[in-house]
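Before any comments, here is the structure.
The values are calculated or read from the model by the stated rules, or taken from the named source; none is laboratory data. Predicted model only: the values in this text are computed from it and were never measured. Backbone-built Cβ (ideal geometry, glycine too); neighbour counts: all protein chains shown. With ligands, DNA and RNA removed, areas are computed over all heavy atoms of the protein, side chains included. Shrake-Rupley method; radii C 1.70, N 1.55, O 1.52, S 1.80 Å.
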Amino acid sequence: MSNLFNKELLLRIFSLIFFIPLVIFPIIYSNYLTVFIYLIFNSLIVFEFNKMKTNVEKYFIIHISVILTCLSFLFFIMLVISSYDEDFKVLEIILIIWFFDTFSFLGGKLIGGKKLMPKISAGKTVSGLLVGFFSTLLIFQLFVYYFNFFSSSLFFYLIIILLAFIGDLLASLLKRYVAIKDSGNIMPGHGGLLDRFDSFIFVFFIYGLLVLI
């Protein structure tokens with residue numbers, strides 16, 4: 001338990017208390033506010049990408065990452081402002097990503113064990129992945145069955161979780177490529193905004209392609 005209840009966890013909780021309302025409230029309240037806030041998020045992440053250039057000689061992978069990120073935020077904004085139904089679906093996807101990320105972190109810290117991909121990300125464990133995967137599926141199936149709060153299929157949840165994991169993995173590969181641990185330090189306990197939005201970027205890039213194009 002001492003591995004879990006430490007300074008890092010307290011910093012993560014403090015960051016999320018501020019971060020979660022900043023992400024959720026604009027989507028519920030106003031399309032204009034959503035565009036404004038998420039363009040700021042996008043700009044800050046692009047700034048983090050730009051700082052990574054100082055660590056490498058060839059920028060091709062970073063440029064591709066910037067393009068993918070900007071397209072992802074564009075797709076996200078278009079989904080939010082398109083209709084009420086898409087607003088609800090967007091919130092559902094964000095919650096899936098957050099639950100998966102949170103339970104993966106908690107599972108890895110509490111159980112530990114074998115590293116998942118130590119050459120790519122030293123912090124990821126097999127136990128964390130399994131706890132995150134099954135906990136997220138269970139919670140959302142309970143929401144669907146008992147509360148009728150969400151109506152998406154099990155297949156939908158599986159796909160979003162898979163895309164979230166791939167997005168996190170791609171961000172870890174990029175950080176390994178530029179030899180950094182965190183993309184920044186704007187969020188105590190998390191690092192940079194890219195560290196918080198890595199799964200989000202890949203999920204909404206793919207989802208946006210499928211829905212909007």
Per residue, what volume in Å³ does the Cα convex hull of the stretch 71-213 take up? 119 Å³
Span-like helix ranges in the chain, DSSP H, alpha carbon extent 30 angstrom or more, Kyte mean at least 0.5: 7-29, 31-52, 60-82, 84-111, 154-177
When the chain is modelled as a GNM with alpha-carbon springs shorter than 10 Å, which of Y38, Y59, Y157 fluctuates the most? Y59
Can you tell which of L130, L174, L138 shows the greatest fluctuation in a Gaussian network model of the chain with Cα springs below 10 Å? L138
Roughly how far apart, in whole Å, are the Cα centres of the stretch 109-169 and the stretch 50-74? 27 Å
Using a Gaussian network model of the chain with C-alpha springs under 10 Å, which one of F140, F100, F18 is most mobile by mean-square fluctuation? F18
Suppose only helical runs count, i.e. DSSP H with n ≥ 4. What mean residue ellipticity at 222 nm does that imply for the chain under -39500 (n - 2.57) per run, divided by all residues and rounded to the nearest 500 deg cm²/dmol? -26000 deg cm²/dmol
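Over the chain, give the accessible area per residue in Å² for a 1.4 Å probe, as an integer.
Details: 11740 Å² over 213 residues.
Accessible surface, normalised per residue, equals 55 Å².
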Considering amide H positions built from the backbone, and no H for Pro or chain starts, which residues 5 or more places from S183, or on another chain, come under 5 Å of its amide H? G192, D195
With a cut-off of 8 Å between alpha carbons and a minimum separation of six or more residues, what is the relative contact order of the chain in percent? 27 percent
The extension gain from K114 to I61, computed as 0.36 nm times the residue separation minus the Cα-Cα distance, is 16.1 nm
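First compute the accessible area of the chain with a 1.4 Å probe, then give the percent of it belonging to carbon and sulfur atoms.
That fraction is 72 percent.
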Starting from the stretch 126-213, pick out the trypsin sites (Lys or Arg not before Pro) whose DSSP state is loop and whose Cβ has at most 15 other Cβ atoms within 10 Å. K181
Out of residues 5 or more away from T125 or on other chains, whose amide H comes under 5 Å of its own, with H placed 1.01 Å from N in the peptide plane? L116
Given an 8 Å cut-off on Cα distances and at least 6 residues of separation, report the relative contact order of the stretch 107-194 as a percent. 19 percent
